[in-house]
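A short worksheet on the structure shown next.
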Amino acid sequence: MTAETVIRVADAGIRFRRNRRGRRSFKDLFAGSKRRSRPNEFWALRNVSVEVRAGEAIGVVGRNGQGKSTLLKLVAGVMLPDEGAVEVHGGVAPLIEITGGFVDDLTVRENLYLTAGLHGMPKREIDERYDEIIDFAELRDFVGTPYKHLSSGMKVRLAFSVISRLEEPILLVDEVLAVGDKAFRDKCYARIDQLLAGGRTLFFVSHNERDLKRFCTRGLYLDKGALVLDGPIGDVLDAYNRDYGAGITSTIVD
Amino acid sequence: MTTAPPPRPARTPAQVYRQSLWLLTSRDLKVRYATSFLGYLWSVLDPLVMAIIYWFVFTQVVDRTIGYEPYIVFLLAGLLPWMWFNGAVGDATRAFTKDAKLVRSTRIPRTIWVNRIVLSKGIEFIAALPVIVIFAMIFGAQPTWGVLWLPVAIVLQAILTVGLGLIIAPLVVFFRDLERAVKLVLRFLFYASPIIYGLGDLPHGLDFWASFNPLAGIISLYRASFFPDQLDARAVIIAAIMSLVILAIGILVFRRMVRAVLKEV
């Protein structure tokens with residue numbers, strides 16, 4: 001394949017505090033990043049290097065808490081690496097928060113305009129796609145309802161509907177599909193198939209082996225914050241099942 | 001059905017910045033104006049009530065020797081900018097926490113979370129300016145050429161407020177106490193700044209130190225619209241330098257902390 005590289009993760013690492021009480025001092029702020037003392041921190045990801053070409057569909061595999069979602073957040077640009085670099089060429093449509101990052105007090109309609117706008121969609125385009133997004137989410141009767149009064153299924157429907165309509169070349173999906181009912185899930189799958197056929201790049205986090213095999217050609221296996229294996233999805237799933245038994249299909253929801 | 005992603009016309013970073021900034025700012029304003037019956041009046045009523053209280057105390061109760069005539073105009077010229085400053089710095093403490101979900105899920109330039117507050121409060125400030133004009137007409141205060149300083153005052157105040165916001169917003173994420181500390185400092189600053197009095201009313205010697213408060217120079221620029229004597233060149237120069245220094249510190253602190261903030265929000 002000679003498609004251009006759209007995502008380049010080079011030696012990326014990010015660390016988090018282990019407990020919330022670990023105070024940062026003002027001294028920390030002005031000390032050089034190397035000299036800082038950080039007793040209670042761990043690396044959620046370290047030395048991860050991945051190159052993704054346009055049109056690839058990548059499944060990310062690993063147990064909970066091994067860095068899958070963090071990797072997606074780095075690619076989405078909502079977190080910044082402490083080490084290394086993450087370069088993304090082209091827009092990203094990230095479905096990484098189950099709630100899509102909507103605001104509780106705004107209505108469905110207001111949230112749609114705000115979120116789509118903040119993800120870079122011009123207002124005119126939102127106007128054009130508004131009906132389609134609402135119909136896909138099956139929320140026609142709820143456009144004036146404050147977001148907080150929606151059921152969790154409705155929230156996921158809205159999130160997927162908006163994000164998958166952003167028309168960005170890269171789509172990130174983080175396990176959210178496990179929440180919706182079957183009918184909606186089928187619709188989402190059809191939509192993802194359609195997007196893939198249209199040449200989008202997909203980054204897919206899931207615990208569901210069937211889904212991973214269905215969409216992805218390449219797999220990344222993350223364990224303890226390190227990239228253990230990067231290869232065809234079948235090999236990656238085999239390696240994962242070898243390490244952790246065949247538990248992958250039974251744990252669908254986090 | 002769908003073929004390759006329709007290439008969206010590439011937009012410059014500045015366009016992206018503007019669109020996101022305006023989206024959030026207009027939402028702030030809409031929430032404030034559309035949800036309440038009095039809407040716009042609220043942003044006028046607040047400084048107006050305060051001005052009337054001080055006017056009453058200092059002209060009707062106490063035998064006042066501070067400020068200029070007409071005192072209500074003198075007062076409003078300091079109070080309205082103060083409301084902008086106070087509102088923006090106060091809200092900056094919640095810049096990241098208030099919309100945490102949006103901060104977590106979008107990649108817009110993070111300074112927008114601070115700048116949208118300064119901008120929406122600034123628009124409210126400008127919307128409240130007609131109040132001064134009305135009182136100036138009622139009490140016969142003559143506008144002077146000093147009104148040309150108004151844009152300078154607004155720009156300086158925006159620089160100062162953005163700078164402070166960039167320092168405070170990320171720090172509050174880690175030091176929650178700072179939110180209350182800021183409120184306390186703001187209350188102190190109200191009396192420490194020449195709002196109900198002028199810089200010249202201070203005892204000799206003290207006015208020199210007071211001009212290191214950048215608000216002193218900025219308010220003297222505002223007051224120059226009606227009271228050209230209030231223009232204090234020294235205070236203005238100090239205010240300009242201080243504002244730029246604070247902005248530089250703000251950018252530095254913000255850059256340093258933004259990574260950590262995104263993990264914590």
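Just so it is clear, none of the values below were taken in a lab; they were calculated from the coordinates. Note that the structure is a prediction, hence the values are computed from the model and not measured. Neighbour counts run over all protein chains shown; Cβ positions are idealised from the backbone, glycine included.
Computed from label points 7 Å out along Cα-Cβ, the spacing between B:Val133 and A:Asp127 is 3.1 nm.
Note on B:Asp229, B:Asp46, A:Asp127: ascending count of other Cβ atoms within 10 Å places them as A:Asp127, B:Asp229, B:Asp46, the fewest first. Inter-chain neighbour count for B:259-265: the average number of beta-carbon atoms from partner chains within 10 Å of each residue's beta-carbon is 5. Peptide A:114-124 has a mean of 5 when you count, residue by residue, the C-beta atoms of other protein chains within 10 Å of its C-beta.
Computed over the Cα atoms of region A:44-91, pair by distinct pair, the Kirkwood hydrodynamic radius stands at 11.9 angstrom.
Within region B:163-265, the ratio Rg/Rh, alpha carbon atoms throughout and Rh by Kirkwood, equals 1.08. Here r is the Cβ-Cβ distance between A:Arg8 and B:Leu150 and R0 is 41 Å; the resulting FRET efficiency, rounded to 0.05, is 0.25.
Computed from the alpha carbon atoms alone, the convex hull of region B:108-148 holds 74 Å³ per residue.
Please identify the DSSP H helices in chain B that span no less than 15 Å along the helix axis (Cα) and have a mean Kyte-Doolittle hydropathy of -0.5 or more. Both cut-offs are met by B:13-34, B:40-55, B:71-92, B:112-128, B:150-174, B:177-192, B:233-264.
Ranked by the mean number of other Cβ atoms within 10 Å of their residues, highest first, the peptides B:203-213, A:218-228, B:72-82, A:133-143 fall in the order B:72-82, A:218-228, A:133-143, B:203-213. The number of Lys pairs in region B:14-264 with C-alpha atoms less than 23 Å apart, excluding pairs fewer than 8 positions apart on the same chain, is 9. Counting neighbouring Cβ atoms within 10 Å and putting the fewest first, the residues B:Tyr222, A:Tyr244, B:Tyr54 line up as A:Tyr244, B:Tyr54, B:Tyr222.
Computed over all pairs of different Cα atoms, the Kirkwood value for the hydrodynamic radius of the protein assembly as shown is 25.8 Å. Note on A:148-155: average number of Cβ atoms from other chains within 10 Å of each residue's Cβ is 0. Distance from the C-alpha centroid of region B:63-139 to that of region B:204-265: 15 Å, rounded to the whole angstrom. Volume of the convex hull of region A:131-241 (Cα atoms only), normalised per residue: 124 Å³. Packing order of peptides B:166-172, B:192-198, highest average first: B:166-172, B:192-198 (average count of other Cβ atoms within 10 Å over each peptide's residues). Restricting the calculation to Cα atoms, chain B shows an Rg/Rh of 1.02 when the hydrodynamic-style radius is the Kirkwood one. Of all lysines in the structure, those lying under 17 Å Cα to Cα from A:Lys187, and not within fewer than 8 positions of it along the same chain, are A:Lys155.
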